[in-house]
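Notes follow the structure.
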Amino acid sequence: MGGVQGRLQDCERHGSSVSHDSDVSLSTAYGTEFSSSPPFSRRFNRSRCSITSSEDTTDDKPLRGCRPMPLQPLNRVPPHREGPPPPTPPFQPHPHGLAPPPPPPPGFGVSASNQRQTTPNRPQTPNHDLGYHTLISRSGQSQWNNDMKSGSFSTLSNTTSISRHSPARQMPSIPPSSVDSSDTEGFMTTNSSPYKGKKWGRGSGFDRLPDDVVLKIFSNMSSTQLCNMARVNRRFYALAWEPQLWTRINLSGEQLNADKALKTLTRILGRASPPFCPTIEKVALNGCSRLTDRGLHVLARRCPELKHLEIKGSALVTNSGIFELVSKCLNLVHLDVTGCSQITCIDGAPSHSNLPSTSRGLGLHSDPSHYPRPQLFLQIQYLDLTDCLGLQDAGLLVVVRNCTQLQCLYLRRCVHITDAGIKNVVSYCQGLREFSVSDCLQITDRGLFELAKLGPSLRYLSIAKCDQVTDAGLKHIARHCYKLRYLNMRGCETVTDSSVEALARSCSRLRALDIGKCDITDAGLRHLAENCPNLKKLSVKSCELVSDTGVQAIAYYCRGLQQLNIRVTNKLTTFYT
């Protein structure tokens, strides 16, 4: 014992410290403070004295009679040692009967690098736990957080000693499986960081979605929304310009520079296969009043697979732009030029605005047939020329001669179309199924006689407000076009019950009928109800001769009726009106 006591006194003179059975404070010659606790402290053995000295000593001479043993955690290899860590000693109960410290939470590795140097005399509070009490509440971690907030794990600050040259603290990693999707909103808050003053992540929960899921979400956005998403960050920029999202372009707005927009979009989307954009199949530019032929030239040059085009209300577009488009986009099947007042035909002839001053007007001198043009064989099946006020019979002849595959043709409010134009339509477009000449005031029964040549292939017909049509023309239509599904003859004031009776007997497959403002009585409605029980929509608006009897017949026989318009029908009682 004398030798041991002498060695202890010798070590104390050189700045060493000894660990005893009870928890004691260990100090080095340079004042570095440590604290030891049962998991990491060296126990004093009467038969063998374990003496530790500071790692920071600058004395080159070794301590006499002392064996330096730096105090390190048992669960990690010290930085200055090589090879595997020493085996963990078997568990021994604390000599004073103290309970062992609670285990660390799942997903966190408690190491010396994650602990904070403390002073034995300083009272421990949750504020000294490196921010562990600020962890968010998640599935699998809620109990750990509650214990931390309650101070149950405050002994973690006393479990180990850290040298000055310990590695920098590392942020503990939370297993992905422990994150509950229901707590995504809480995960985004500033209190979700495992350390005080540090954020858990700069991204959002949306950033964790795989690319295919984000692309699925982006596929439901419009072209304008995709352009906005491309400005969020680099990832969204790469995903927003994926060609698979750009099978269609939908733009609108009177102030939009449509020509520049089309040029920019096609340039970006054509980077994969310059200068073409093979994925674009549908373009809708509705209400783009600033669109000109230059924009259509861009589409014709860069979108060879275009199939669907809508340019409603583009008054600056002319025949030249349309011809350039249809001659290069050979797969085009749907063309809607509603409100393009300068379009007079679909070919390379100059538009009406570019004609010489002596040829302007609506006479034969403005006939597009006076100018040479190549013969086109287009695949267009749907063509809407509504409100193309400059369209005449000669221009319509050029259209139908180049578009023999037409199935749907709409000439609403083309006021210069006559019966001769309808004859040309029937001659070239034998497979026409839908045809509209609403508000074409020059159409007569002669035009209906020509339409009747289409036979049962005609399913949709609109002659609304063609006030020169009479019962003779409608009876001829009913006799030959017996597969009609939709018929609109609103405003044909000379049509009587005889036409309705002929339609009811021949066209029993009618689904929608508009006979508003016609000279129809209850007898005509009864014939209609008895022979067309499958009617879905019926309008007798402003039919002043219709009374309750006719409406009751419709209600009794047409059990599948979905819409009935009986406004401004004076003979109806208040029960119906």
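The values are calculated or read from the model by the stated rules, or taken from the named source; none is laboratory data. Nothing here was measured: the structure is a model prediction, and the numbers come from that model. Here the Cβ is made from the backbone with ideal geometry for all residues, glycine too, and neighbour counts use every protein chain on show. Protein only, heavy atoms only, side chains kept; ligands, DNA and RNA dropped before computing areas. Shrake-Rupley method; radii C 1.70, N 1.55, O 1.52, S 1.80 Å.
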With respect to L535, is the statement that it is under 20 Å from E493 (Cα atoms) and of a type outside the set (V, I, T) true?
no
Let me confirm something: among S289, S320, which residue is more than 18 Å from D347 (Cα to Cα) and either buried (at least 18 other Cβ atoms within 10 Å of the Cβ) or out of contact with any strand residue (DSSP E or B) (no Cβ under 8 Å at 6 or more places or on another chain) (or both)?
S289
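So, in the stretch 235-256, exactly how many residues are open to solvent by 50 Å² or more (accessible area, probe 1.4 Å) and farther than 18 Å from A272 by Cα? Steps first, please.
Of the stretch 235-256, the ones open to solvent by 50 Å² or more (accessible area, probe 1.4 Å) are 235, 237-238, 242, 244, 247-248, 250, 252, 254-256.
Checking which are farther than 18 Å from A272 by Cα leaves us with 250, 252, 254-256.
The number of residues fulfilling the criteria is 5.
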So P350 fits all but one of (1) within 22 Å of L391 (Cβ to Cβ); (2) at pLDDT 95 or above; what number is the exception?
(2)
Just one of (1) open to solvent by 30 Å² or more (accessible area, probe 1.4 Å); (2) touching a Gly at 6+ places or on another chain (Cβ under 6 Å); (3) closer than 30 Å to A238 by Cα trips up K282, so point out which.
(2)
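One line per residue, one yes/no per condition, for (1) open to solvent by 50 Å² or more (accessible area, probe 1.4 Å); (2) closer than 24 Å to K536 by Cβ; (3) at pLDDT 95 or above:
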position	(1), (2), (3)
V426	no, no, yes
S436	no, yes, yes
D467	yes, no, no
L474	no, yes, yes
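What number of residues within the stretch 438-450 satisfy the criterion of being part of a helix (DSSP H, G or I), open to solvent by less than 10 Å² (accessible area, probe 1.4 Å) and farther than 24 Å from K537 by Cα? Before you say what the answer is, go through the steps one by one.
Of the stretch 438-450, the ones part of a helix (DSSP H, G or I) are 445-450.
When the remaining residues are screened for being open to solvent by less than 10 Å² (accessible area, probe 1.4 Å), the result is 447-448.
Restricting the remaining residues to those that are farther than 24 Å from K537 by Cα gives 447.
Qualifying residue count for the region: 1.
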